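Right, one structure below, let's go through it.
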Amino acid sequence: MLTIRELSKTYPNGVRALQSVSLDIPNGMFGLLGPNGAGKSTLMRTIATLQDPDAGSIRLDDLDVLADKPAARRVLGYLPQEFGVYPKVTAEAMLDHFAVLKGVTRRGERRDLVDALLRQVNLHEVRRRRLGTFSGGMRQRFGIAQALIGDPRLVIVDEPTAGLDPEERQRFLNLLAEIGERVVVILSTHIVEDVTELCPRMAILAEGRVRLTGEPRETIRSLEGRVWRRTIDKAALPQYRERMNVLSTRLAAGNTVIHVLADAKPEDGFESVPPDLEDVYFGQLHHAATAKAA
């Protein structure tokens, strides 16, 4: 169990990236949803001991993460949003180098570990190819392989599927799901679909605060009978935003389709639709923006 209590961080430029963030994250996949600038990456870097908070605590079972950073790093696997590789080095050689850095010094043990990890992420057949020739999805799977060195108890992945094509994205998500059967895996993303498909528990972060936590299915159920859809002219959208709680808009066949949150049918022309996690997400972002404006 990863336990985060009252974590706060304000940068020198005055940006309040985290404001009293508290979360309980059990073993398994945990989705952390939020838009760009919500504080997700700040939270991930803090958990990964790459920066200090102004206040708060982080515990992984009985380990005080902030007080004993070397011990925390030994049980942590981290795939940051920007994961750079040496393009002229092979996957096998690079992973061997990471294993040395993680303290695996015996050559035979290291060879077996590298071999096993490359098989786990389905890169064994291309182990002698240079990393610069890898696709985006292959680089992400290599990033997970390096994060798994040392049999970590906590794995953090920050925006891992951004820019991947649908096939690579699904392959990568399947790999994360397998890993999440054994350890705590935090999936930080702004892609709602990733959380819907993978995570039994989740939290939504906006403006540096936790806006909602729970099971995706339960949060969706809370909106049943309260989401309404209508196709409108794009020019009329500002008027609807003034009068109603517009959750989301999207283009369909040249028209604008809106989802509105209301306890009863807003007006003629609207139809009730089953809610999804995207409706929950946008509803929380709308609430956060309204609270900030107030």
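Can you name every one of the strands (runs of 3 or more DSSP E) wholly within the stretch 125-206 that holds 2 or more residues which are closer than 28 Å to H97 by Cβ and touching a Leu at 6+ places or on another chain (Cβ under 6 Å)?
Once the strands (runs of 3 or more DSSP E) in the stretch 125-206 are filtered for at least 2 residues that are closer than 28 Å to H97 by Cβ and touching a Leu at 6+ places or on another chain (Cβ under 6 Å), what remains is 154-158, 184-189.
List, please: which pairs have Cβ atoms under 6 Å, are six or more places apart or on different chains, and start with a residue in the stretch 74-88 that is of a type outside the set (A, V, I, L, M, F, W, C) and end with one that is assigned to a strand (DSSP E or B)?
Correct list of pairs: G77/V155; Y78/I156; P80/D158; Q81/D158; K88/R130.
I186 passes all but one of (1) farther than 20 Å from D61 by Cα; (2) within 12 Å of the chain's Cα centre (by Cα); (3) among the β-branched types (V, I, T); which number fails?
That leaves (1) as the condition not met.
The conditions are (1) within 19 Å of I156 (Cβ to Cβ); (2) of a type in the set (D, E, K, R); (3) at pLDDT 90 or above, and E224 fails exactly one of them. Which is it?
Unmet for E224, out of (1) within 19 Å of I156 (Cβ to Cβ); (2) of a type in the set (D, E, K, R); (3) at pLDDT 90 or above: (1).
Conditions tested, residue by residue: (1) under 19 Å from the mean Cα position of the chain (by Cα); (2) surrounded by fewer than 20 Cβ atoms within 10 Å (Cβ to Cβ); (3) modelled with pLDDT under 90.
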residue: A116; (1), (2), (3): no, yes, no
residue: V126; (1), (2), (3): no, yes, no
residue: S135; (1), (2), (3): no, yes, yes
residue: G143; (1), (2), (3): yes, no, yes
residue: A147; (1), (2), (3): yes, no, yes
residue: D151; (1), (2), (3): no, yes, yes
residue: I156; (1), (2), (3): yes, no, no
residue: E159; (1), (2), (3): yes, no, yes
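Taking the stretch 48-66 as the search range and keeping residues that are within 20 Å of the chain's Cα centre (by Cα) and surrounded by fewer than 17 Cβ atoms within 10 Å (Cβ to Cβ), which one is nearest to V21 (Cα to Cα)?
Applying the filter and picking the extreme gives R59.
Hey, does the stretch 103-113 have a residue that's under 27 Å from Q284 (Cα atoms) and either of a type in the set (F, W, Y) or surrounded by fewer than 16 Cβ atoms within 10 Å (Cβ to Cβ) (or both)?
No, the stretch 103-113 has no match at all.
Quick one: is T256 hydroxyl-bearing (S, T, Y), at pLDDT 90 or above, closer than 28 Å to T189 by Cβ and surrounded by 12 or more Cβ atoms within 10 Å (Cβ to Cβ)?
yes
Out of the stretch 198-227, which residues are closer than 18 Å to E181 by Cα and surrounded by fewer than 16 Cβ atoms within 10 Å (Cβ to Cβ)?
P200, E215
The values are calculated or read from the model by the stated rules, or taken from the named source; none is laboratory data. Being a predicted model, the structure only gives us computed values, none of them experimental. Note that we place each Cβ from the backbone using ideal geometry, even for glycine, and neighbour counts take in every protein chain shown.
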